[in-house]
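The values are calculated or read from the model by the stated rules, or taken from the named source; none is laboratory data. Not measured: the values here are computed from a predicted model. Cβ sites come from the backbone with ideal geometry, for glycine too, and all protein chains shown count toward neighbours. Accessible surface areas use protein heavy atoms only, side chains included; no ligands, DNA or RNA. Shrake-Rupley method; radii C 1.70, N 1.55, O 1.52, S 1.80 Å.
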Amino acid sequence: MVGIVSYGVYVPRWRLKAEEIARVWGQAADVYKNGLMIAEKSVPSLDEDTVTMSVEAARNCLKRAIRISPKKIGAIYIGSESHPYAVKPTASIVAEAIEATPSLTAVDMEFACKAGTAGIQACMGLVKAGYIEYGMAVGSDTAQSKPSDALEYSAAAGAAAYLVGNEGVIAEIEGTYSYTKDVPDFWRRDGERYPRHAGRFTGDPAYFDQVVNCANGLMRQLHTSPDDYDYLVLHMPNGKFPLRAARILGFTEDKILPSLVVTEIGNSYSASSLIGLAAILDKAKKGDRILLTSYGSGAGSDAFSLAVTDRIQEVQALAPSVRHYIANKEYVDYALYSRFRGQFRGSND
Amino acid sequence: MAMLGVASHWRRYRELYTLKGSRCAKCGQAFFPVRRICPNCRREGRIEPLPFSGRGSIYTYTVIRTPPEGFEDYIPYVVALVQLEEGPLVTSQVVDCAPSDVFIGMPVETCFRKIRAQNREGIIIYGFKFRPRDSQVKQQ
Amino acid sequence: MNGSDGLRRRVAIVGIGSTTFGEHWDKGLRDLALEASLKAVEEAGIKGKEIESFYVGNMSGGMFLGQEHVAALVADFLGLKPAPAVRVEAACASGGVALRQGYISVASGLYDLVAVGGVEKMTDVQGSLAATALAGAMDTEWEAYFGATFPGIYAMMAHRYMHNYGLSREALAEVAVKNHFHGSFNPQAHFKNRITVDDVIGSPLVADPLRVYDCCPMSDGAACLLLAPLEEARKYTDTPIIVEACSQASDSLSLFDRGDICTLEATREAAGQAFSQAKISPREVDVLEVHDCFTIAELLALEDLGFCRKGEAASLYKEGQTYFGGRLPVNTDGGLKAGGHAVGATGIKQAIELVKQLRGDAGGRQVKGAEIGLAHNVGGSGATAVVTILRRGG
């Protein structure tokens, strides 16, 4: 059965605290910290971007893919909304850096924060149809936010890479279901530096409509219910939305809390739900069942039902865990953050 | 440095992206970057490819405060000679730590980073840098 | 392999001329070359047409001025075409290597009078572009590429040296203090101000541990020598200075490929050959001009030339030994640090200071009774080294 063979993540080392953002803009830190349930967010260094983080995550993924040569990867999809080039694929650079070239297909994907999970579905198709032996999907983003906008408290950076295959899987993908509608909740026009969002409209008509209907749609298809699952992993624009969605879906809080990494590293967009999933895989055991539902503004959701196999124990310790990356941190102040994010006029980036 | 065309960067992707060097099978010396002729054995040598593990330690270093063109945004940054565990010395930047944290003998490992961009319009050049190895969890 | 056996006759310096080294906003490359050359020609009492060939050291007319073909340009502007003119480039050793090429051409018997010079015009471009041009002395693909600068390379050597031998920040500063003191006696020096150890240590960091006062400046300047066979020297001068040896060696371009990054093998090799050809030992040298592009470089030079053991050069700076009144005067014109570093001209300037000392013309900084001088010119971080030994003629 098609499933996940291996996984790897990367989160940059630097953190910006909510208090520091609030200090600069004269806002009340607690309002944002509690309202969003985000204490601090990850910040990429000046020499990091979607490409570099994808390579780090992909390399970690390969550390867990024991005895699998990168030459056997037949497809690489990099999902992001912060590809460094408007034209020039991230995927070919990653493919070269992990030595998967030249016999593979490589494509960049875009669908706000669900571009990574879309890549997993693409891999599933090629693997199941027998066109490729392994496919890699990566979600990676260095999220941008307009200074002083509320988004600044959550827009973070990270990457997660998943290797999909038919044999030796650590988690079977029992099924996948997607939900798509045209919803203008969050966008960025070409040439514009920062995205815009529609405030409270991003809630019920967007995130909740998608995530709830998508997760329910998959459970209907598979004849499963929340009780069948040990873990729920959702896209995390903040800490509050996924908790509320879990309640609506009928999941108890203890099933979603273990993956709620947003509270400590913020929203890494295309990597968000995939890093959450990795946090679960880091501790999962045979027989655990996971329901994953991503969300991308614009809008769409991809849901997956996963059943962990006994192979999971062989690979968990072979690469740094999500916990390791969360704990491996150093704080920056707002000035250094602005430098790293290229927010000064005249910076070469 | 001179604004070179893209081919000169592309030629070196193997070395920049994956730290692949070479070794002379006759005298055993490892080289990075790749040498096509062994400086010891010359035509009697036998050069073969050698991928490096990426692990090493800092042999010496400096902190650049007066940057060359294209690196202005990065100052102050650490440039070091890293001794790879296979032997050769490599010139590279050391990142993910403060300059004051660096010391001669510090164990490091490679990471994949932006080296430079050719202005806003040109290509971005990626490659290896080094970071502290097995970074400990920092005490809060 | 190299030795006086292979050469046919002894060579002498019969004329010298140089400009001040500094920021010459009002003079271009042609003006500087002309000024230095005319002084040499006038001193030697010749018309100019007697010069049979030119060897011109110039590191980068191309990057500083967009001008290549510099040697032909100089010959043209001196009105001395059709004499053949060769531009010699070995980064900061361009001048020394030009000197050696001229020396070989006279010693071999091919020519009876050649002009050897160096010129660099560095201040017509922004400092950052000048620094980029100088970075060409390094391995651009595998050193400069990652953001290393020229001071950064020497800073790494300094750091390791301090680690290996316990050199203190203060001891390193003494080199700059001495060279500025010497510069204050040299009307042609780029810097004539005296400084203290505190001035050095308090100056801004350039590349840790090197500070502004550890680094030589960028200078405009030109210098010229006339070489003739010794047996004909009296036609031009009453004080011929014999070129007893002019040896050169190479080493890896990059610092990372050296055997020991605190040793310049090219210096050791060239020095060994020069002392052997001149049939003298370091003890007999009365005055030295060494390549102090950075303070650390002067310490390494004294060790690699054989004047003390590796790691011990700092001890030579105690009790004024390396000052012009001491037992081993080093860089009496201020060296590169205070004298200035017009890159292509430096190797020639060094020889000119030795000539002045050996003639007894060094004014307030005269080393009494100087008979033998040694000049040491380095390219990049040590890929080229030229060692020249001069002796006062009879």
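Considering only residues in segment C:246-256 that are in contact with an Asp or Glu (Cβ under 8 Å, 6 or more places away or on another chain) and outside any strand (DSSP E or B), the one that is nearest to C:Gln357 (Cα to Cα) turns out to be C:Asp251.
Being in contact (Cβ under 8 Å) with a residue 12 or more places away in the chain and either open to solvent by 40 Å² or more (accessible area, probe 1.4 Å) or small (Gly, Ala, Ser) (or both) is the filter here, so list the residues in segment A:110-125 that pass it. Steps first, please.
Here is the first cut: in segment A:110-125, the ones in contact (Cβ under 8 Å) with a residue 12 or more places away in the chain are A:110-124.
Selection gives A:Glu110, A:Phe111, A:Ala112, A:Ala115, A:Gly116, A:Ala118, A:Gly119, A:Gln121, A:Ala122.
Among residues of segment B:46-67 being open to solvent by less than 20 Å² (accessible area, probe 1.4 Å) and either farther than 21 Å from A:Ala97 by Cβ or free of Cβ contacts under 8 Å to residues at least 24 places away in the same chain (or both), the one that is farthest from the other protein chains (Cβ to nearest Cβ) is B:Ile58.
Step by step: first the residues of segment A:233-272, then only those that are of a type in the set (Ser, Thr, Tyr) and not in a helix (DSSP H, G or I), then the one that is least open to solvent (accessible area, probe 1.4 Å). Which residue is that? Top of the filtered list is A:Ser268. For segment B:62-102, filtering for residues that are charged (D, E, K, R) and assigned to a loop (DSSP other than H, G, I, E, B) leaves 5. Pairing residues of segment A:82-101 that are without any contact (Cβ under 8 Å) to a residue 12 or more places away in the chain with residues that are in a helix (DSSP H, G or I) and buried (at least 18 other Cβ atoms within 10 Å of the Cβ), at Cβ distances under 7 Å and at least 6 apart in sequence or on separate chains, gives A:Glu96/B:Tyr17; A:Thr101/A:Ala95. Of the residues making up segment C:256-284, those that are crowded, with 23+ Cβ neighbours inside 10 Å and either away from chain B (no Cβ under 14 Å) or under 20 Å from C:Gly96 (Cβ atoms) (or both) are C:Leu264, C:Ala266, C:Thr267, C:Ala270, C:Ala271, C:Ala274, C:Ala278. Looking only at segment B:1-19, residues that are more than 9 Å from every other protein chain (Cβ to nearest Cβ), open to solvent by 20 Å² or more (accessible area, probe 1.4 Å), in contact (Cβ under 8 Å) with a residue 12 or more places away in the chain and of a type outside the set (Val, Ile, Thr) come to 1 in all.
Of the residues that sit in segment C:351-377 and are in a strand (DSSP E or B) and in contact with a helix residue (DSSP H, G or I) (Cβ under 7 Å, 6 or more places away or on another chain), which one is surrounded by the fewest Cβ atoms within 10 Å (Cβ to Cβ)? It comes out as C:Ile372.
Taken together, the residues in segment A:297-349 that are more than 13 Å from chain B (Cβ to nearest Cβ), open to solvent by less than 40 Å² (accessible area, probe 1.4 Å) and among the charged types (D, E, K, R) amount to 1. Is it true that some residue in segment A:145-167 is surrounded by fewer than 24 Cβ atoms within 10 Å (Cβ to Cβ), among the aromatic types (Phe, Trp, Tyr), in contact with a Cys (Cβ under 8 Å, 6 or more places away or on another chain) and modelled with pLDDT of 95 or more? No; the residues of segment A:145-167 include none that is surrounded by fewer than 24 Cβ atoms within 10 Å (Cβ to Cβ), among the aromatic types (Phe, Trp, Tyr), in contact with a Cys (Cβ under 8 Å, 6 or more places away or on another chain) and modelled with pLDDT of 95 or more. Out of all the residues in segment A:47-62, is one or more open to solvent by 40 Å² or more (accessible area, probe 1.4 Å) and not polar (S, T, N, Q)? Yes, segment A:47-62 contains a residue that is open to solvent by 40 Å² or more (accessible area, probe 1.4 Å) and not polar (S, T, N, Q).
Cβ-Cβ contacts under 7 Å between residues 6 or more apart (or on different chains), taken from a first residue in segment A:227-248 that is in contact (Cβ under 8 Å) with a residue 40 or more places away in the chain to a second residue that is assigned to a loop (DSSP other than H, G, I, E, B) and surrounded by fewer than 23 Cβ atoms within 10 Å (Cβ to Cβ), are listed as A:Asp230/A:Asp288; A:Tyr231/A:Asp288; A:Leu232/A:Phe251; A:Met236/A:Leu260; A:Asn238/A:Met37; A:Gly239/A:Met37; A:Gly239/A:Leu260; A:Lys240/A:Met37. The residues in segment C:195-230 that are within 14 Å of chain B (Cβ to nearest Cβ) and assigned to a helix (DSSP H, G or I) can be counted, and the count is 3. Evaluation of C:Lys192 against the conditions (1) surrounded by fewer than 22 Cβ atoms within 10 Å (Cβ to Cβ); (2) within 14 Å of chain B (Cβ to nearest Cβ); (3) under 24 Å from C:Lys318 (Cα atoms) shows that the sole unmet condition is (2). Only one of the numbered conditions (1) modelled with pLDDT of 95 or more; (2) in contact with a Leu (Cβ under 8 Å, 6 or more places away or on another chain) is violated by A:Pro195, and that is (1).
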